Amino acid sequence: MVAPCFNTFNRSPFLGVEPDLPGQIEAAAEAGFTLFGPDVFALDAWTAAGGRLDDLARRLADHGMACWEIAGIIIGEREPTLAAAEHIAELAAVLHPQWVLTNVMEGDPRSMSGTFDEACRVMERGGCRPAIEYLPFTPVDSIAEARWLVDVVGTDRAKILFDTWHHFRGPDSWEALEAAPLELVAYVQFDDALPMVSDDLMSETINRRTFPGLGEFDLPRYCDVMRAKGFDGVVSVEILNAEWREKGDLREFAKQAYDTTAKLWA
């Protein structure tokens, strides 16, 4: 079975929630996760409140867990991009993630190749690499667009983050997913979704995801396609859901995230 990773983003300050990283670590470990994916907003809130990154690293180790990903960085204008990359490298030097979730939210990605290459070099100093996430409401909206950026630096320095929500809500076909070679895959972010109630994709993606198998996505087929290409890596369970954000029941959230994911990938 693939290795599930607990993604913290549903309870991020970015979404207006006061994070509880120690609580999330405990809940994720109790549910069965061995990998953890914090977001930079929660990490910054932790350190701003006087917390230490090495304490988080110790807590992860004490619970038999490791940091897999950090979300994330936006590639854009050179100076803010490189400043963000420096910050990520500092976090990564302590937490040791393999990957950094990476987005291009606006502009022409083809004008950013030099900046992207520099950002890769900075993050490499922290021991991590960018995983380019394609989102249907950004300039990098497909596997092909993400692959263009990866080809700038090569798959030894960057790969693509495959997210089920962005596949089913984006322009890519099943054929495009099937054709993507295994060497492009950094890891998978896994989630389901409730039927859409608006054409606001940003609102839909941050508020109306649900646990795998409880929504409308054909996740068994998605898993079959990824297995067919030889994927047996890490699956980051990213359930962004407004109702669960308000409940605050971390243990039940983590348990459902793990169990529903394990059932589909077993």
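The values are calculated or read from the model by the stated rules, or taken from the named source; none is laboratory data. Since the model is a prediction, treat every value here as computed from it, not as a measurement. Counting neighbours? That spans all protein chains shown, and the Cβs are built from the backbone with ideal geometry, glycine included.
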Are there any pairs with C-beta distances below 9 angstrom linking a residue in segment 223-250 that is loosely packed, with under 13 Cβ neighbours inside 10 Å to a residue that is modelled with pLDDT under 95 and basic (K, R), with the two at least 6 apart or on different chains, and if so which? none
With the checklist (1) at negative phi; (2) out of contact with any helix residue (DSSP H, G or I) (no Cβ under 9 Å at 6 or more places or on another chain) in hand, flag the one item G154 doesn't pass. (1)
Scanning for something in contact (Cβ under 8 Å) with a residue 40 or more places away in the chain and either among the acidic types (D, E) or within 24 Å of S142 (Cα to Cα) (or both), does segment 106-114 turn up at least one residue? yes
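Results for (1) modelled with pLDDT of 95 or more; (2) crowded, with 21+ Cβ neighbours inside 10 Å; (3) assigned to a strand (DSSP E or B), shown as yes or no for each residue.
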site: C5; (1), (2), (3): yes, yes, yes
site: F14; (1), (2), (3): yes, no, no
site: P19; (1), (2), (3): no, yes, no
site: G23; (1), (2), (3): yes, no, no
site: A28; (1), (2), (3): yes, yes, no
site: F33; (1), (2), (3): yes, yes, no
site: F36; (1), (2), (3): yes, yes, yes
site: L43; (1), (2), (3): yes, yes, no
site: T47; (1), (2), (3): yes, no, no
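Test R209 against the criterion of being among the basic types (K, R), under 19 Å from G233 (Cα atoms) and in contact with a strand residue (DSSP E or B) (Cβ under 8 Å, 6 or more places away or on another chain), and give yes or no. Full working, then the answer.
Details: among the basic types (K, R): yes; under 19 Å from G233 (Cα atoms): no; in contact with a strand residue (DSSP E or B) (Cβ under 8 Å, 6 or more places away or on another chain): yes.
Answer is no for this residue.
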Hey, can you tell me all the residues within segment 156-202 that are aliphatic (A, V, I, L, M), farther than 21 Å from N7 by Cα and free of Cβ contacts under 8 Å to residues at least 40 places away in the same chain? A176, A179, M196, V197
Touching a strand residue (DSSP E or B) at 6+ places or on another chain (Cβ under 6 Å), of a type in the set (F, W, Y) and surrounded by 12 or more Cβ atoms within 10 Å (Cβ to Cβ) - does that describe any residue in segment 175-195? yes
